[in-house]
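Working notes for the structure below.
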Amino acid sequence: MTKKKAIKSAGIHGLVIFKALESKEDLEETTYSFEKVDQEKKINLSHELTAFGATYRYSVLVINESRAPITEIKYRIKYPRFLALSRTNPTTIKIKTTNSEDNAVNQINFEIEKISENSKTQINFYFIPLTLKNKGNISTYVTYVNNKDFVRVLNSDELQLTLEPPVIQPKIISSDKISSFLKLEGIKKAVKSFGLNTDKKLDYDLIFEQLEKLLVMHKFQLIAKDDKKRIVWFFGIDKKTQNEILVVGQIVSKKIELLAASQNHFILISLLTNLLQDFQKHLLSAGIINSLDQVILLECKYCGGVLNRFPSKGESITCPNCKKEQVTW
């Protein structure tokens, strides 16, 4: 439940703003001062944690249902350290990330100048899991200056996030069932796409072999394979939820990709995080890379879409989804 506290801020705005009117008579009849507007219980905070692709999307919404603006809106968001902030939307927000007094928590601070009357502002934060087998909370604290020049406080409740790697049981299906599975109601898809920053000449047949071994190790059932196109399909069931999962591994345009589909979107995030981390270990042990820094994720920094190829170092590439240019590494 939203809690509110009042603290008198320094200085009085004393600002009176009038609506645009067509005549002098209208002006005399309908002018009002924002200071006379009652904003109590009309400024609200809500937040939501959802799955978005292979990331968690945390949305913070401040709603102003009053007939006057609020100003100096300051946000403080606490989130567990096992998450990494990958991007925000809008991308123009200037944020500062700090360590909280609690060693298990990070904090985001930022400010916006104004939320107009009868309007709302939503900020989205996209997080990538760094580790699994963790549990933590996300919460938001907001202060703002109301039309009477008082500082008010909005507190959210805590949203709990639990990260567990799925335990897979193999399931055999015929390859002609793949298309119909992807058309099931409520099916969700996610992808991890990356390239390898190395001076070595890469043996993509060897990397494809490592990709197949990875999915076998995670107990998925091989459904179909095309060695020439370097693409493989696996299928399985999450033992805990009994959700079916399709996983596709492929190498295309110097990109290595793990794609997954299921009716449970949150499982896909944990699964792809787990697969990517284990695949990086495979690449290290095989001597294909020397450090994890050589794994370059190919996600658009603006919209989160997958880039269509692995660019050279310092090369600008255009996202096929939002059409914005960027340099990935």
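See the values below:
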| item | result |
| --- | --- |
| Lys188 vs. criteria in contact with a Leu (Cβ under 7 Å, 6 or more places away or on another chain) and at pLDDT 95 or above | yes |
| Answer residue from region 294-319, given it is over 21 Å from the mean Cα position of the chain (by Cα) and among the charged types (D, E, K, R) and is nearest to Phe127 (Cα to Cα) among those | Arg309 |
| Count of region 33-75 residues which are of a type in the set (Lys, Arg), surrounded by 16 or more Cβ atoms within 10 Å (Cβ to Cβ) and touching a Ser or Thr at 6+ places or on another chain (Cβ under 8 Å) | 2 |
| Test: residue in region 160-175 that is modelled with pLDDT of 95 or more, over 17 Å from Leu275 (Cβ atoms), in contact with a helix residue (DSSP H, G or I) (Cβ under 7 Å, 6 or more places away or on another chain) and not hydroxyl-bearing (Ser, Thr, Tyr) | no |
| Pairs with Cβ under 7 Å, 6+ apart, first in region 147-169 and of a type in the set (Phe, Trp, Tyr), second in a strand (DSSP E or B) | Phe150/Ala6; Phe150/Ile7; Phe150/Lys8 |
| Residue ID - nearest to Val60 (Cα to Cα), chosen from residues in region 88-135 that are part of a strand (DSSP E or B) and among the hydroxyl-bearing types (Ser, Thr, Tyr) | Thr121 |
| Single residue of Ser285, Ser253 found to be within 25 Å of Asp205 (Cα to Cα), touching a residue at least 24 places away in the same chain (Cβ under 8 Å), assigned by TED's automatic domain parsing to the domain that holds Ile172 and surrounded by fewer than 20 Cβ atoms within 10 Å (Cβ to Cβ) | Ser253 |
| Complete set of residues in region 289-319 that are closer than 18 Å to Arg87 by Cα and in a loop (DSSP other than H, G, I, E, B) | Leu298, Cys300, Lys301, Tyr302, Cys303, Gly304, Gly305, Leu307, Cys319 |
| Neighbours by Cβ (under 6 Å, 6+ apart or cross-chain): first from region 186-198, more than 15 Å from Ala54 (Cβ to Cβ); second polar (S, T, N, Q) and buried (at least 17 other Cβ atoms within 10 Å of the Cβ) | Leu196/Gln294; Asn197/Gln294; Thr198/Gln294 |
| 2 or more residues exposed (fewer than 13 other Cβ atoms within 10 Å of the Cβ): qualifying strands (runs of 3 or more DSSP E) within region 137-232 | 159-163 |
| Among the candidates Ile128, Ile73, Ile77, residue that is under 21 Å from Ile269 (Cα atoms) and touching a residue at least 60 places away in the same chain (Cβ under 8 Å) | Ile128 |
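The values are calculated or read from the model by the stated rules, or taken from the named source; none is laboratory data. A quick note: this is a predicted structure, and the numbers were derived from the prediction, not measured. Because the Cβ atoms are built from the backbone with ideal geometry, glycine has one as well, and the counts that use them run over all protein chains shown.
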